[in-house]
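Inspection log for the structure reproduced underneath, given as structure tokens.
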Amino acid sequence: MPELPEVETVVRGLRAVLPGRRILSVHLGKTDFIDDTSALADCLPGCRIVEVRRHGKFIVLRLEPAASRRDAAVLLVHLGMTGRLVTQRAQEPVAPHTHVIFALDDGRELRYTDPRRFGRMAVMREPELHAVLSTLGADPLDVTEEEFQQMLSGRRAMVKALLLDQRFLRGMGNIYTDESLWRAKIHPAWSAASLRRDAAKRLHAAMRFILNAAIRLGGSSVSDYVNASGARGLFQIRHRVYDRVGKGCFRCGTRIRRVIVAGRSSYFCPRCQPPPRRGRRIGRR
């Protein structure tokens, strides 16, 4: 599933070309991932795109209504597991599993492709958008070290499960959680409450480093992900632990192992990231 760096990369690509463009028409294919197909087809033609931003793993396109309408709308997109949102010239071949095409006033099309259709697309007004986004936690790139310490305090959940919880931090996923925990030398099964201050500090720094590095390299293309121009990301070549079971740790050479934590495959180095023991805490006193 595209995580924060992938969604941020897509948003930056779309932000370079979409603001100011007007939607001329909407063509729909399969629509089982769309909240209200009539709203999409009827409300968007004539709207001008004024802003593209990311909120967690969501893409938010703010729209200025056509002259015949008064209420501004927002297009909310979640890429799910295999969604792609790219801009292409209208004459370029349409990829299989392309289910939504927005024709733009500059001769290009904004195309949504999703083989598995686990994504989401919805046209909303501001109150509806607020209701959806207000359930999400803080952005990990905005949280300060002190705020992060306070957020972890007293939380008994395993740190891996907590970082994956979108109500805690919005945008983290399996890849970047495992990579951050490896860099911070923290086993994914430690409880958040067991992290001493220096361990939480390491994790906060590791998380920011990993996310920013992944954004610089355009995200990780381990499955279907491409950016807004259709190009693959490069951060997968920098993975140090994710999906490397049986391979040597880049720090110590110990073979990477896999366990299930919070229902997800979790990759770790058993030497660099020792598992928790009953009653212990991790980090210096």
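Is it the case that Glu126 is farther than 26 Å from Leu44 by Cβ, acidic (Asp, Glu) and free of Cβ contacts under 8 Å to residues at least 60 places away in the same chain?
no
Can you say whether Gly253 is part of a loop (DSSP other than H, G, I, E, B), within 30 Å of Thr82 (Cβ to Cβ) and assigned by TED's automatic domain parsing to the domain that holds Leu163, as far as the supplied structure shows? Answer is no for this residue. Pairs linking a residue in the range 260-273 that is free of Cβ contacts under 8 Å to residues at least 24 places away in the same chain and more than 18 Å from Cys249 (Cβ to Cβ) to a residue that is part of a strand (DSSP E or B) and of a type outside the set (A, V, I, L, M), with Cβ atoms under 9 Å and 6 or more positions apart or on different chains, are Ile260/Ser266. The range 1-96 holds strands (runs of 3 or more DSSP E) entirely within its bounds, and those carrying 1 or more residues that are in contact (Cβ under 8 Å) with a residue 60 or more places away in the chain and touching a helix residue (DSSP H, G or I) at 6+ places or on another chain (Cβ under 9 Å) map to 23-28, 48-55, 58-64, 84-89. Against the condition outside the structural domain of Gly83 (by TED's automatic domain parsing) and at positive phi, how does Lys160 come out, does it pass? In short, no. Of all the residues in the range 141-178, those that are within 16 Å of Ala262 (Cα to Cα) and buried (at least 18 other Cβ atoms within 10 Å of the Cβ) number 16.
Selection of the range 193-244 for residues being closer than 16 Å to Met1 by Cβ, without any contact (Cβ under 8 Å) to a residue 40 or more places away in the chain and part of a helix (DSSP H, G or I) yields only Gln236.
The set of residues in the range 110-127 being of a type in the set (D, E, K, R) and either part of a loop (DSSP other than H, G, I, E, B) or loosely packed, with under 15 Cβ neighbours inside 10 Å (or both) consists of Asp114, Arg116, Arg117, Arg125, Glu126. Selection within the range 54-103: residues that are basic (Lys, Arg) and closer than 20 Å to Asp36 by Cβ. The member of this set that is surrounded by the fewest Cβ atoms within 10 Å (Cβ to Cβ) is Arg70.
The values are calculated or read from the model by the stated rules, or taken from the named source; none is laboratory data. On a predicted model such as this, the values are computed, not experimentally measured, just so you know. Heads up, the Cβs are rebuilt from the backbone with ideal geometry, glycines too, and the neighbour counts pull from every protein chain shown.
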